[in-house]
Amino acid sequence: MRSHYLVLVLSSCFLVSCGDKTANNQAASPDLPAQPVPAPANPNTGTAGASALPFIVDTPSVAGSGCPAGDAQLEFQPQQTSFKLSLNALEVGTAQGQNNNLTCNLAIPVTVPAGYQVSVLPLHFAGSLSGNALKLELRREYFFAGTTGTPQVSSLALPTDSQFDISDKVNEEDTLHWSSCGQDTIIRVNTRVLTKGGEGQAKLNISSTDKAEPTVFKLNYRACR
């Protein structure tokens, strides 16, 4: 089945991490009230432009020790089919006065028309490590409000002054990666970055998984399966 894309433009100076498993045990945010949005006549056929996409993105929320809501800058695009969101880069370290454990939680409400599903939003993380045998752990979890996802953990133990990048993907066959058919939902991404040993500091930025346009975020959708 052919997937389609909703473009989310996210300019990021940022990022990292967010939430851990405990975040998913908290009460899930309520789904948004339904907003009627006509779907294309043929649910298997892509639309020509963003204005024709059958989804509406509502105001995202950002929270966490590494990305307080007041630090985020949000700008909606025409038709509310895309938005720009700027977040500060996240830095962790072992020196006195540095944070060694930061979180950042993102929630994106989406209106979904009958006959469609929307996927989680995979991210690309890139950053650098410096110091003496610094060990870093990046945790992230993609899920929908009212559900739990499968935690992903990357442990980094690289040579001094090293760079790294990690790209996540949507699994077409994993039902946890897709919303319920025709139901409005809230896409959640929880990430956390923390030091696990050694000395030094690390900086992490977030981008889309599109190497050609790393600041352009595309939300996958498809006809229900």
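Within segment 110-140, take every residue that is in contact with a Pro (Cβ under 9 Å, 6 or more places away or on another chain) and among the hydroxyl-bearing types (S, T, Y) and give me the one that is nearest to I56 (Cα to Cα).
That would be T111.
Could you tell me how many of the residues in segment 134-159 are touching a Leu at 6+ places or on another chain (Cβ under 8 Å) and assigned to a loop (DSSP other than H, G, I, E, B)?
Final tally of qualifying residues: 4.
For segment 159-178, name all the residues that are among the polar types (S, T, N, Q) and touching a residue at least 40 places away in the same chain (Cβ under 8 Å).
T160, S167
Modelled with pLDDT under 85, closer than 27 Å to R225 by Cα and of a type in the set (A, V, I, L, M, F, W, C): is that true of V57 in this structure?
The answer is yes for V57.
Which numbered condition trips up G127, out of (1) at pLDDT below 90; (2) crowded, with 19+ Cβ neighbours inside 10 Å; (3) of a type outside the set (K, R)?
All conditions pass for G127, except number (1).
Name the residues in segment 69-97 that are in a loop (DSSP other than H, G, I, E, B), modelled with pLDDT of 75 or more and surrounded by 13 or more Cβ atoms within 10 Å (Cβ to Cβ), would you?
T94
For segment 207-225, enumerate the residues that are of a type in the set (A, V, I, L, M) and at pLDDT 80 or above.
A223
Restricting to segment 160-186, name every residue that is under 17 Å from R140 (Cβ atoms), hydrophobic (A, V, I, L, M, F, W, C) and in a strand (DSSP E or B).
F164, I166, I186
Go through segment 104-149 residue by residue and tally those that are among the hydroxyl-bearing types (S, T, Y), over 13 Å from the mean Cα position of the chain (by Cα) and within 30 Å of Q163 (Cα to Cα).
2
On the basis of being in a loop (DSSP other than H, G, I, E, B), touching a residue at least 40 places away in the same chain (Cβ under 8 Å) and under 18 Å from G64 (Cβ atoms), does G127 make the cut?
No: the conditions fail for G127.
Is there any pair linking a residue in segment 201-215 that is in contact (Cβ under 8 Å) with a residue 12 or more places away in the chain and outside any strand (DSSP E or B) to one that is basic (K, R) and surrounded by 15 or more Cβ atoms within 10 Å (Cβ to Cβ), with Cβ under 9 Å and at least six apart or on different chains, and which?
Between residues of segment 201-215 that are in contact (Cβ under 8 Å) with a residue 12 or more places away in the chain and outside any strand (DSSP E or B) and residues that are basic (K, R) and surrounded by 15 or more Cβ atoms within 10 Å (Cβ to Cβ), the close pairs are S208/K218; T209/K218; T215/K84.
The values are calculated or read from the model by the stated rules, or taken from the named source; none is laboratory data. Because the structure is predicted, anything quoted here is derived from the model rather than measured. All Cβ positions, glycine included, derive from the backbone under ideal geometry; neighbour counts span all protein chains shown.
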